[in-house]
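J.: Encoded as structure tokens, here's the structure I'll be asking about.
Derivation of every value follows stated rules applied to the coordinates shown; laboratory data play no part. Remember, predicted model here, so these are calculated numbers, not experimental data. Cβ atoms come from the backbone with ideal geometry, glycine included; neighbour counts cover every protein chain shown.
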Amino acid sequence: MELLSGKTALITGAARGIGKSIALRLASEGADIAFTDLVEDETFKNTQREISECGVTCRGYVSDASDFEQTHEVITQILKDFGHIDVLVNNAGITRDGLLMRMSEQQWDSVLTVNLKSAFNFCHAVVPVMARQRSGSIINISSIVGVAGNAGQCNYSASKAGMIALAQSIAKEMGSRNIRANAVAPGFVMTEMTGQLPEDVLKSWCDRIPLRRGAEPDEIAKVVLFLASDLSSYVSGQVIRIDGGMS
Ligand code: NAD
């Protein structure tokens with residue numbers, strides 16, 4: 001028996017990277033997949049095709065997760081298409097790094113809006129659906145820097161800390177309706193977000209990781225599968241670090 005058969009999982013920002021890996025991993029356990037991203041380009045279409053090849057229903061939706069109205073509209077459409085939403089993964093995210101003293105208001109606002117407000121938008125639209133269903137699992141993709149902070153990433157770290165607190169608060173508000181909410185805090189993951197880093201920066205990161213390497217995106221996805229499924233039926237309000245022992 002597959003862990004997620006009969007369930008619908010919604011993943012934001014999943015045309016590539018960690019979100020795509022999560023979608024593929026949940027689909028491999030039988031979940032139908034709704035995912036969002038900003039543009040319907042070749043990457044988006046290929047992802048939709050690859051997930052469908054797992055033998056589940058998959059639809060991609062073009063939607064800016066940071067836009068409150070668009071989010072509510074896309075949830076209405078997803079409910080028409082799938083009938084229910086059992087798992088929500090708030091994954092869409094960006095970085096606009098810089099030291100605090102040089103950080104522009106625009107850098108701060110864009111990161112807080114895309115990372116944290118998007119998670120609020122989707123929780124706001126999906127929690128009432130899960131409350132009616134009397135079940136649901138929400139997983140926020142935070143970061144280890146949301147637990148410990150990071151020089152040059154005040155905006156990103158603050159947004160990721162906010163995503164942890166958001167999950168923990170929803171766990172407390174909605175536990176009586178059988179809605180669980182958790183966060184994962186990946187360390188260094190090999191995706192396009194980190195792929196632009198120069199070789200020496202990459203090496204200095206890896207030197208600080210006991211496992212001496214960055215994570216593959218699927219190593220994040222496997223923990224998300226645990227949180228999405230009944231394997232974690234009594235786990236709520238937690239943040240699980242996936243950082244190769246770094247912290
Ligand atoms: P990525 O840049 O490869 O993918 C992010 C995806 O989100 C892209 O497809 C992008 O188009 C989409 N997106 C961006 N803004 C959006 C918006 N407003 N609406 C909808 N979609 C939007 O990044 P990734 O490395 O796969 O990261 C995924 C998540 O994991 C992010 O939240 C990131 O902060 C987090 N994370 C990444 C790492 C890492 O080392 N890569 C570590 C910890 C946490």
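J.: Identify all residues within the stretch 8-48 that are without any contact (Cβ under 8 Å) to a residue 60 or more places away in the chain, charged (D, E, K, R) and either more than 16 Å from the ligand (Cβ to nearest atom) or part of a loop (DSSP other than H, G, I, E, B) (or both); write none if there are none.
T.: Asp32, Glu40, Asp41
J.: Taking the stretch 218-247 only, how many residues are in a loop (DSSP other than H, G, I, E, B) and either of a type in the set (Ser, Thr, Tyr) or within 13 Å of the chain's Cα centre (by Cα) (or both)?
T.: Matching residues across the stretch 218-247 total 5.
J.: I'm trying to understand the selection: among the residues of the stretch 134-162, which are more than 16 Å from the ligand (Cβ to nearest atom) and assigned to a strand (DSSP E or B)?
T.: Answer for the stretch 134-162, where residues must be more than 16 Å from the ligand (Cβ to nearest atom) and assigned to a strand (DSSP E or B): Gly136, Ser137.
J.: Filter the stretch 79-100 down to the residues that are away from the ligand (no atom under 14 Å from the Cβ), touching a strand residue (DSSP E or B) at 6+ places or on another chain (Cβ under 7 Å) and either more than 22 Å from Ala171 (Cα to Cα) or assigned to a helix (DSSP H, G or I) (or both) and list them by number.
T.: Scanning the stretch 79-100 gives Asp81, Phe82.
J.: Being in contact with a Cys (Cβ under 7 Å, 6 or more places away or on another chain) and either more than 16 Å from the ligand (Cβ to nearest atom) or in contact (Cβ under 8 Å) with a residue 12 or more places away in the chain (or both) is the requirement here; does Leu3 meet it?
T.: Criteria not met by Leu3.
J.: Would you point out the residue of the stretch 188-239, among those that are farther than 22 Å from Leu4 by Cα and among the aromatic types (Phe, Trp, Tyr), that is surrounded by the fewest Cβ atoms within 10 Å (Cβ to Cβ)?
T.: Only one residue fits best here, namely Trp205.
J.: Got a sec? Which of Ser66, Ser5 is polar (S, T, N, Q), assigned to a loop (DSSP other than H, G, I, E, B) and surrounded by fewer than 19 Cβ atoms within 10 Å (Cβ to Cβ)?
T.: Criteria check complete, one pass: Ser5.
J.: Pairs under 6 Å by beta carbon, first residue basic (Lys, Arg) in the stretch 164-183, partner crowded, with 19+ Cβ neighbours inside 10 Å, six or more apart or different chains?
T.: Between residues of the stretch 164-183 that are basic (Lys, Arg) and residues that are crowded, with 19+ Cβ neighbours inside 10 Å, the close pairs are Arg180/Ser137; Arg180/Ser236.
J.: Considering only residues that are part of a helix (DSSP H, G or I), of a type in the set (Val, Ile, Thr) and surrounded by 22 or more Cβ atoms within 10 Å (Cβ to Cβ), which ones fall in the stretch 163-187?
T.: Once the filter is applied, which keeps residues that are part of a helix (DSSP H, G or I), of a type in the set (Val, Ile, Thr) and surrounded by 22 or more Cβ atoms within 10 Å (Cβ to Cβ), the stretch 163-187 yields only Ile170.
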